[in-house]
Amino acid sequence: MNGIRKFFQMITGKDRDFKERIFLLMTSLAYLAVILALIGDIISGENIVKILVLTGLIIATPIVIIVSMRLKRIQVGGAIVAFGIVLFILPVTFFFGGGMESGSMIWVAYAYLYVGMVLTGLLRTIMLVLLSALTVTEITVAYLWPYIIAPHSKEKWFLDTGISVLLVGFMIVIMVTFQNKLFVNENEQAKKQAREIEELNEAQNRFFSSMSHEIRTPITTIIGLNEMTLRENISPEVNENSANIQSASTMLLNIINDILDMSKFESGQMQLTKTPYHTGDMLSEIVGMLWLKAKEKNLAFHISVAPDLPDELIGDEVRIKQILINVLNNAIKYTSEGSVTLSIQCVRTGNTGVNVIYSVSDTGMGIKKESIPYLFTAFKRVDEEKNRYIEGTGLGLSIVKQFVDLMGGKITVNSVYTKGTTFLIEIPQQVSGSRTIGVLDMEKRHDLSRSIHYHQSFEAPNAKVLVVDDTAANLLVVTKLLRETKIRVDTAGSGEEALKKTLEEHYDVIFMDHMMPQMDGIECKHRIVEQIGGLCKESKIIALTANTGGESTALYAREGFDGYLVKPISGEDLEEELRRQLPKDLIHLTGSNEEILEESLSWTSNVTKKAQVAITTESVADLPGELAERYRINVIPHMVSTEDGIFKDGLEIEQQGLLAYMMKRDSSVQTLAPEVNTHEAFFSEQMERANNIVHISISRHMTKSGYHFAYEASQAFDNVSVVDSGHLSSGQGLMALEAARMAEEGKSAEEIVQAMETLRPRIHTSFIVDNLDFLARADQIGQKIADVTKALMIRPVLVLKKGKMGVGRIFLGSRQQAWRKYIRSVLNTTGEIDTRILFVTYVGLTQSDLEGIRAEIEKRMKFDRIFFQKASPAIAVNCGPGTFGLLFITK
């Protein structure tokens, strides 16, 4: 009995792996069934071979089970048992036990079940193939050569089948029952673990919430009293110390917020609170907090704000501020010299919608391309060895990404290692009102040695305010911060004391702390409203608490509070709330909103509004200068390598001079695409003028194409898309022009890239070449082929199809005859042509040649504009003089 009990404990015990228990159950059931089958075979007088094989299996199976369990090699043990069943038991019982006139085929079904339940991966696949092959073989032999199989009497046939059905049936029932029990147990265990995790999360959230509340209370005192110090007429040294305290306290508060927010994200409790806010005020806070840190490192701190940015937006100001503080703080931390720049602009998305784009750029150490995918992982710091002395929690960017995603926005990173980084953050918001922020250019509070020129926004000498808080320091802070407003401020250290005061005195506004002993702020609020004989039933009651988050806002709104302020608070927060809550006849304004804004905003530099999308391409795109300038298409030059040096295509060397050089000297000239680091520098420079770059590259199939270098460089930039034009020369230029037109229309980078994929097969790129000498010199073809075509006056037409250059047609005869045939064939057979623009890109032709080509084209088709464009030196090197091509778009 002890052995049986121990066996059941092994199967049901939670200390063993699920697969281990299934192996034990299935193998043990099969073992028991084989013993019973053996007894039946002996009684019925079965074939001696079958009896001996079953006996051997009974002896070997316990050994396999024990060894595999001790060595923790369940898969190996299961495979050995399965091999034994498939290669020995099933064939022997079939061929020596009556074949189809027995119960052996019923055991095949159990073998499939055993293999499927016990084995995994490749072993399972192998065994299923072997078992299937064996089954097909047995049935085939029984059908074609039945005499091979030892026959069964009818009695043995029915007895064997009956025993097999009963044994396999009971085993399946036991197995299914046990497996259901295992699944139920596992499910209960999973639910229990889920409850424990939930309880742990709740305990963690309570801890973080309590920690936040407890830390905010002393910070409120520090920031509030420090603000009073800054208002005084103090020495420059004391003022600078106080400014340092203010900035450090605010940064400490931001770190606490990060820790608390990460906890909320992990528990799925994070919520946004969207309210109207002033963009100028928010910028003022951010700059005031971080300018000091930049100054400590001797970094320039610039801000560029688009004048059309709405003055008031609807969004979660606290979270947007947190996003920008984290990204800016990171930029300052990882920049040792140079500057940090915050740029803000917006794109209207409807009557009331706006997409606000925040760009944070630095001249710091940059980020390695391979590290960018891990940038937003919590507690993960990239380039750990280089950054080991830089402080940080590792939470900032992870929280930023989660907040941006929660707001339906997007954050991207563009970085060149050792050169700097740019973060682009797009957050959709709603516009409140019609005013824009305008042009801001103020530098008023840069000098920390200056005192704050505080001026109260209003005076209300007849107003009465009650502040209820169990912390004496908080009462002191609020009292002092409101001193200049001439409001009469009373204080109460508990809910009971507050109730006594509201029986004796009427207060216009009551600031109520939430977390207080004996009677919390919510209970006190309700009792004031319901107080018999109370004088403050109609008073405005404002929650003044260290509890943060959307759930707190919802709680106080639900409990009927008239407002909600989060500690630590500033004098500006208190005054703004009181201006909203006090009766208007009690308030005397002492400063305009414009004055308050002007004093609060730190500074902004010259406004430089970026384009949403900029188009770039290569010098080999053969774009006319007027079109490149008109559509602001910037070009990265290819290089031309000669024996006299390496020159920038189109900038340091031009077509005519290069052709003369090559005609005079039988020397090698090669073209080189700009390498990865050159592309990286180019893209980095372009990102200063646009939020997104779409780069149109020469066909990747061309020899010495720049596509691969450009694509590799783009991996360092989330906002750079490289498009394979599938063309070269002005065919590539046509694609760049279409992309630039779409960018002008306000299309997104994604829409432009998608459109270029559709446009690629509609562009026609072909050239008729006078001879193949230059292609031979560039090692594009053999010299003998060039000589033969020249001798026979063969003028080939080179056509780009699917990105690859090949010979489309050949024309015989003089140059002018071949040209006429080429023009006629292209304009007549290409299909319906878009006649808005035609490029005639040429190498080494005279003005007379060009006029003849124009006349021939105009005889056959009218185009709105025909551009005669000299091919770039990099293209001319391969084609040689006497070459021209017709390049256009088909409909």
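Would you mind checking the radius of gyration and Dmax of the stretch 66-156 based on alpha-carbon positions, in Å?
Rg then Dmax for the stretch 66-156, in Å: 14.8, 46.
Give the value in nm², to one decimal: projected area of the alpha carbon convex hull of the stretch 460-554, averaged over all directions.
Details: hull surface 24.7 nm².
The number I arrive at for the stretch 460-554 is 6.2 nm².
Please give the charge dipole size of the stretch 55-196, origin at the Cα centre, charges +1 on K and R Cβ atoms and -1 on D and E Cβ atoms. Round to the nearest 20 debye.
Working: 10 positive and 7 negative charges, 116 e Å.
Approximately 560 debye in magnitude.
Going by a ≥ b ≥ c, the root eigenvalues of the Cα gyration tensor, does the stretch 164-204 fall in the rounded group (a/c under 1.5), the prolate group (a/b larger than b/c) or the oblate group? It would help to have the intermediate numbers written out before the result.
Details: a/c = 10.75, a/b = 9.73, b/c = 1.10.
Prolate is the answer for the stretch 164-204, as a/c is 1.5 or above and a/b outweighs b/c.
Let's test the formula: R0 of 35 Å, r as the Cβ-Cβ distance of residue 644 and residue 824. What FRET efficiency results, to the nearest 0.05?
Details: r = 42 Å, r/R0 = 1.20.
With R0 = 35 Å, the Cβ-Cβ based efficiency is 0.25.
So which of 464/567; 537/584; 419/610; 486/525; 369/410; 369/891 end up more than 31 Å apart, counting from Cα to Cα? Please report the intermediate quantities before stating the final value.
Numbers: 464/567 21 Å; 537/584 19 Å; 419/610 20 Å; 486/525 25 Å; 369/410 19 Å; 369/891 40 Å.
Going by Cα-Cα distance, 369/891 fall outside the 31 Å limit.
Could you calculate the contour length gain from residue 712 to residue 675, that is, 0.36 nm times the residue separation minus the distance between their Cα atoms, to one decimal place in nm?
Details: separation 37, 0.36 × 37 = 13.32 nm, distance 0.95 nm.
Stretched out fully, the residue 712 to residue 675 stretch lengthens by 12.4 nm.
Which whole-number percent is the relative contact order of the stretch 677-772 (Cα, under 8 Å, 6+ apart)?
Values: 103 pairs, mean separation 25.3, N = 96.
That works out to 26 percent.
Taking the Cα centre of the stretch 265-338 as origin and charging only Cβ (+1 Lys, Arg; -1 Asp, Glu), how large is the dipole, in debye to the nearest 20?
On the way: 7 positive and 10 negative charges, 70 e Å.
It works out to roughly 340 debye.
Computing the accessible area with a 1.4 Å probe over protein heavy atoms, can you report the carbon and sulfur percentage for the stretch 110-195?
Numbers: 3800 of 5320 Å².
The C+S portion of the solvent-accessible surface of the stretch 110-195 is 71 percent.
Modelling each spin label as a point 7 Å along the Cα-to-Cβ direction, I'd like the residue 180/residue 490 distance in nm, to one decimal.
7.2
Need one word for the stretch 794-891: rounded, prolate or oblate. Basis is the Cα gyration tensor (sqrt eigenvalues a ≥ b ≥ c); a/c below 1.5 gives rounded, then a/b vs b/c decides.
Values: a/c = 1.24, a/b = 1.14, b/c = 1.09.
It is rounded, given that a/c, with a ≥ b ≥ c, falls under 1.5.
Determine the sum of side-chain charges near residue 274: Lys and Arg each +1, Asp and Glu each -1, restricted to other residues whose C-beta is under 10 angstrom from that of residue 274. Walk me through the numbers on the way to the answer.
On the way: positive: 319; negative: 316, 317.
Here the count lands on -1.
Packing-wise, with mean Cβ within 10 Å as the measure, how do 402-415, 802-815 rank, highest first? All intermediate terms of the calculation are to be shown ahead of the outcome.
Details: 402-415: 18.9, 802-815: 14.3.
Output ranking for 402-415, 802-815: 402-415, 802-815.
Would you kindly state how much longer the chain becomes between residue 834 and residue 52 on full extension, computed as 0.36 nm times their sequence separation minus their alpha carbon distance, in nm to one decimal?
On the way: separation 782, 0.36 × 782 = 281.52 nm, distance 8.75 nm.
Extending this stretch completely gives an extra 272.8 nm.
Mind listing the long-range amide H neighbours of residue 872? Cut-off is under 5 Å, sequence gap 5 or more, other chains count too, H placed in the peptide plane at 1.01 Å from N.
For residue 872, whose amide H was placed from the backbone, the distant partners under 5 Å are 622.
If you take the square roots of the eigenvalues of the alpha-carbon gyration tensor of the stretch 718-767 and sort them as a ≥ b ≥ c, do you get rounded (a/c under 1.5), prolate (a/b over b/c) or oblate? Display every interim value, and only then the final one.
Values: a/c = 2.11, a/b = 1.76, b/c = 1.20.
Prolate.
Packing-wise, with mean Cβ within 10 Å as the measure, how do 471-480, 324-333, 171-180 rank, highest first? Don't skip to the answer; put the middle values down first.
On the way: 471-480: 18.8, 324-333: 22.3, 171-180: 14.1.
Answer by packing, highest mean first, reads 324-333, 471-480, 171-180.
The values are calculated or read from the model by the stated rules, or taken from the named source; none is laboratory data. Note that the structure is a prediction, hence the values are computed from the model and not measured. So basically every Cβ, Gly included, is an ideal-geometry build from the backbone, and we count neighbours across all protein chains shown. These accessible areas exclude ligands, DNA and RNA; they are computed on the full protein's heavy atoms, side chains included. Shrake-Rupley method; radii C 1.70, N 1.55, O 1.52, S 1.80 Å.
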